[in-house]
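Reading through the structure tokens given below for one structure.
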Amino acid sequence: MSHSSFLAPLSEELGIIHCHGADAEKFLQGQFSNDLTALPSPGGQWSSYSTAKGRMIANFYMLRAADGFWLLLSRDLTDTVAERLRKFRLMAKVDIEDATASHALLGLWGKGTMEILRDLGGADALDAPHAVSVHQKAKMVRLPWPEPSFLILVEADAAPLWREQLQARGAELVAGGRWVLDSIRAGIAFINAATTEKVIPQELNLEVLGGISFTKGCYPGQEIVARSHYLGRLKNQCYRLRAHTSLEPGREIFSTAMGEQSIGLVIQAAAAEDGSFEALAVVRAEDAEHSTLALEPQGQTPLEKLDLPYTLPLQQAAEPR
């Protein structure tokens, strides 16, 4: 049987934080890089949480629904982010809960995905990126990938039925690593424990993905993020790379032009179908555009630069008018 849609349980890859309460919007608005007041209910957006120095603690996909806000982020940062948010809530009326045990997260993507969701009766509101549909104990959000792609947040007791229904309609069950690979190919990476507090939001292309508001007001790191935007001081960007050896988050990248000095960092990586590894890495743009990248200063293991489905800001600025 030929499959055109894929289904992956993401319990090992992504964690879930549920924020709700009378002051939830006001509190989170003062913590994250995107504008919650502009987010419809239901609706979704990319966002991030940074230190005062503008370094991202985590980035995440946020869902807004009638029952509050749901943060979908790297599994190994769930506790860190939840504890930090609780630390700063002070007297705000907001509950911050790790919902990874009470809920499940499924990735569903591929050319045949819309047909499957239409058959289930849950595709009516999912015609554009960031659209959210609430259906059968689940919240479905459409991601901005080149092909139809969805994250499905479902109550834990309903997850087996969802998997059964999706597979019965032709979705091929695959491991979470396949979802990570296709997320990399869509130009989307998640900060994890190996890369937390290493880069600012724009360096992970979060501005391109619509995950930063420059008009919303103050939040931790806002001054650094705004300065990089308005003064044009961004030197690093996130590139898609391939190596014929294992890659892992946190691994340094070098340029043959810069010797022993590291010029980049792998943010997320996954094994490809041919045995190679693909990654999204934050790299100094000058070296990425004009030098040979490698995993060692001497260049023994070169890195191949691959296309992204969107144009990077510094590349766009360099194009002749």
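Computed quantities for the displayed model
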{"quantity": "Residue count for segment 296-321, restricted to those that are modelled with pLDDT of 90 or more and either outside any loop (DSSP other than H, G, I, E, B) or small (Gly, Ala, Ser) (or both)", "calculated": "5"}
{"quantity": "Any hit, segment 88-111, residues being more than 13 Å from Gly15 (Cβ to Cβ), assigned to a helix (DSSP H, G or I) and more than 22 Å from the chain's Cα centre (by Cα)", "calculated": "yes"}
{"quantity": "Unique residue being surrounded by 17 or more Cβ atoms within 10 Å (Cβ to Cβ), within 24 Å of Arg178 (Cα to Cα) and among the charged types (D, E, K, R) when the list is Arg84, Arg75, Arg89", "calculated": "Arg75"}
{"quantity": "Selection status of Ala58, surrounded by fewer than 22 Cβ atoms within 10 Å (Cβ to Cβ) and modelled with pLDDT of 95 or more", "calculated": "no"}
{"quantity": "Test for Ala193: is it surrounded by fewer than 20 Cβ atoms within 10 Å (Cβ to Cβ), of a type in the set (Gly, Ala, Ser), touching a Leu at 6+ places or on another chain (Cβ under 7 Å) and modelled with pLDDT of 95 or more", "calculated": "yes"}
{"quantity": "Residues satisfying the stated conditions in segment 141-173, i.e. in a helix (DSSP H, G or I) and out of contact with any helix residue (DSSP H, G or I) (no Cβ under 8 Å at 6 or more places or on another chain)", "calculated": "Ala156, Asp157, Ala158, Ala159, Pro160, Leu161, Trp162, Arg163, Glu164, Gln167, Ala168"}
{"quantity": "Qualifying residue in segment 26-33 (condition: aliphatic (A, V, I, L, M) and either farther than 16 Å from Leu153 by Cα or assigned to a helix (DSSP H, G or I) (or both))", "calculated": "yes"}
{"quantity": "Lone qualifier among Gly210, Gly177 - being under 19 Å from the mean Cα position of the chain (by Cα), in a helix (DSSP H, G or I) and surrounded by fewer than 19 Cβ atoms within 10 Å (Cβ to Cβ)", "calculated": "Gly177"}
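So that you can scan it fast, the table gives a plain yes or no per residue for (1) out of contact with any Leu (no Cβ under 9 Å at 6 or more places or on another chain); (2) under 20 Å from His20 (Cβ atoms):
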position: Thr78; (1), (2): no, yes
position: Arg86; (1), (2): yes, yes
position: Lys93; (1), (2): yes, yes
position: Thr100; (1), (2): no, yes
position: His103; (1), (2): no, yes
position: Trp109; (1), (2): no, no
position: Leu117; (1), (2): no, no
position: Leu126; (1), (2): no, no
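The values are calculated or read from the model by the stated rules, or taken from the named source; none is laboratory data. Because the structure is predicted, anything quoted here is derived from the model rather than measured. For neighbour counting, all protein chains shown are included, and Cβ atoms are generated from backbone atoms with ideal geometry for every residue, glycine included.
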